[in-house]
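Report on one structure; see the data block that follows.
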Amino acid sequence: MKTVAFFDTKIYDKESFLKFGNDDINIRFFENKLNKDTVSMAACCDAVCAFVNDSIDKDVIEQLEKFGVGLVAMRCAGYNNVDLKAARGRVRIVRVPAYSPYAVAEHAVGMILLLNRKLHRAYIRTRDHNFSLEGLTGFDLHGKTVGVIGTGKIGRAFCEIAKGFGMNILGFDPYKSDEFDGDYVNLDELLSKSDIITLHCPLTKENRHIINAQTVSKMKQGVFIINTSRGKLIDTQALIDGLKSGKIGAAGLDVYEEETSLFFEDFSEEIIHDDTLSTLISMPNVLVTSHQAFLTREALNAIADTTMKNFEDYFSGRELKNEIKI
């Protein structure tokens with residue numbers, strides 16, 4: 001029997017993975033994130049499973065190799081937290097390239113609707129028996145222009161929904177798709193013409209801080225910015241400055257630059273020492289969710305199913321269809 005160490009696991013992870021379990025694979029669930037201080041938990045294991053805020057850096061890779069761990073399975077699509085250079089020739093890396101693009105796209109749309117129609121404020125008011133409509137005015141999405149940065153499966157799923165609202169769609173992506181139902185433009189044109197900008201791209205060296213002080217200055221006054229991809233796509237200070245000046249009308253953030261030690265955990269009884277995050281949360285036109293855009297039953301089942309098949313293929317010596325080529 002093969003043994004796999006699962007890091008950064010929550011109750012919903014255990015439920016979905018046990019549903020798609022394999023009698024030949026023994027799963028050890030750990031709540032700890034994978035990093036150089038916790039990698040020792042993978043000793044005597046044949047493979048590990050990691051998530052978005054685990055740190056699979058050079059030190060971790062070297063330790064995994066010493067333990068005889070030959071595979072790291074990311075139970076997500078992104079792998080920017082993996083040192084691929086260090087993994088070359090030492091540990092093989094697989095991922096879940098597609099689980100439910102609809103889950104993330106729908107979450108992005110939900111953020112837009114809430115921020116635009118101020119549903120969060122209306123909810124709090126009516127619970128206090130305050131039925132005033134002052135300050136709750138939004139705008140019609142119909143006829144507005146949304147700029148989609150990243151037109152992969154998630155970006156295109158978002159576009160399908162936006163089309164239903166009657167929105168005009170602009171897209172920017174170095175790798176154009178024939179299935180994109182909108183108009184491709186350069187980044188500057190997208191920034192200057194979009195009423196709403198939504199990010200649906202993986203994090204790379206090239207697009208880190210693609211939203212920064214310079215790009216914000218090119219945007220429409222009052223633009224909405226939505227990020228359900230990776231926190232480092234946005235320069236957080238530039239975002240805050242834009243919100244304070246009114247250049248940015250609202251922001252929906254399911255991810256955050258420094259989320260690693262915070263997101264997926266309960267700090268409700270503690271004081272958060274991240275002043276930047278506290279500033280964002282305090283703003284009435286900012287919605288922060290803790291990396292939950294993927295969290296639907298369908299997505300969890302797809303992630304578990306694909307990940308377990310990745311393990312089965314590896315242990316059986318079959319081709320790894322979802323391997324990240326290094």
Original post:
Going by the conditions given, is G252 under 19 Å from the mean Cα position of the chain (by Cα) and in contact (Cβ under 8 Å) with a residue 24 or more places away in the chain?
Top reply: yes
Original post:
Is there a residue in the stretch 115-124 that is buried (at least 18 other Cβ atoms within 10 Å of the Cβ) and either on the phi < 0 side of the Ramachandran plot or under 15 Å from the mean Cα position of the chain (by Cα) (or both)?
Top reply: yes
**OP:** Considering only the stretch 136-223, give the strands (runs of 3 or more DSSP E) lying wholly within it that have at least 2 residues that are open to solvent by 40 Å² or more (accessible area, probe 1.4 Å).
**Re:** 168-172
Original post:
So how many residues does the stretch 107-153 have that are of a type in the set (V, I, T) and in contact with a Cys (Cβ under 7 Å, 6 or more places away or on another chain)?
Top reply: 2
Subject >> Only listed residue being touching a residue at least 24 places away in the same chain (Cβ under 8 Å), farther than 15 Å from T307 by Cβ, crowded, with 18+ Cβ neighbours inside 10 Å and in contact with a strand residue (DSSP E or B) (Cβ under 6 Å, 6 or more places away or on another chain), chosen from A87, A73, A47 >> reply: A87
**OP:** State all residues of the stretch 1-30 that are among the aromatic types (F, W, Y) and either touching an Asp or Glu at 6+ places or on another chain (Cβ under 9 Å) or open to solvent by 80 Å² or more (accessible area, probe 1.4 Å) (or both); if no residue qualifies, say none.
**Re:** F6, F7, F20, F29, F30
**OP:** Within the stretch 229-241, identify whether any single residue is surrounded by fewer than 20 Cβ atoms within 10 Å (Cβ to Cβ) and either in contact with a Pro (Cβ under 8 Å, 6 or more places away or on another chain) or in a loop (DSSP other than H, G, I, E, B) (or both), and answer yes or no.
**Re:** no
**OP:** Determine, yes or no, whether S268 is of a type in the set (S, T, Y) and surrounded by fewer than 19 Cβ atoms within 10 Å (Cβ to Cβ).
**Re:** yes
Original post:
With respect to the numbered conditions (1) touching a residue at least 24 places away in the same chain (Cβ under 8 Å); (2) in a loop (DSSP other than H, G, I, E, B), which one is the sole condition not fulfilled by E270?
Top reply: (1)
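Per-residue answers, yes or no, for (1) under 26 Å from C201 (Cα atoms); (2) surrounded by fewer than 18 Cβ atoms within 10 Å (Cβ to Cβ):
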residue: S261; (1), (2): yes, yes
residue: L277; (1), (2): yes, no
residue: S282; (1), (2): no, yes
residue: L287; (1), (2): yes, no
residue: A299; (1), (2): yes, no
residue: D305; (1), (2): yes, yes
residue: Y314; (1), (2): no, no
residue: G317; (1), (2): no, yes
Original post:
Among the listed residues D195, D178, D140, D128, which satisfies the condition of being without any contact (Cβ under 8 Å) to a residue 12 or more places away in the chain, out of contact with any Asp or Glu (no Cβ under 9 Å at 6 or more places or on another chain) and under 16 Å from A250 (Cα atoms)?
Top reply: D140
**OP:** Specify which of the listed residues (Y79, Y184) is modelled with pLDDT under 95 and of a type in the set (S, T, Y).
**Re:** Y79
**OP:** Check the stretch 272-282 and report whether any residue there is under 25 Å from V82 (Cα atoms), touching a helix residue (DSSP H, G or I) at 6+ places or on another chain (Cβ under 9 Å) and not aliphatic (A, V, I, L, M).
**Re:** no
Subject >> Residue list for the stretch 56-70, filter: of a type in the set (V, I, T) and either surrounded by fewer than 15 Cβ atoms within 10 Å (Cβ to Cβ) or not in a helix (DSSP H, G or I) (or both) >> reply: I56, V69
Original post:
On the given criteria, is V48 touching a Phe, Trp or Tyr at 6+ places or on another chain (Cβ under 7 Å), outside any loop (DSSP other than H, G, I, E, B) and not small (G, A, S)?
Top reply: yes
**OP:** Give the residue that is nearest to L239 (Cα to Cα), with candidates limited to residues of the stretch 288-326 that are in contact with a Ser or Thr (Cβ under 7 Å, 6 or more places away or on another chain) and small (G, A, S).
**Re:** A293
Original post:
So which residues in the stretch 71-97 are assigned to a strand (DSSP E or B) and more than 20 Å from the chain's Cα centre (by Cα)?
Top reply: L71, R92
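The values are calculated or read from the model by the stated rules, or taken from the named source; none is laboratory data. Small disclaimer: the values here were computed from a predicted structure and weren't measured. Positions of Cβ are backbone-derived with ideal geometry, glycine not excepted, and every protein chain shown enters the neighbour counts. With ligands, DNA and RNA removed, areas are computed over all heavy atoms of the protein, side chains included. Shrake-Rupley method; radii C 1.70, N 1.55, O 1.52, S 1.80 Å.
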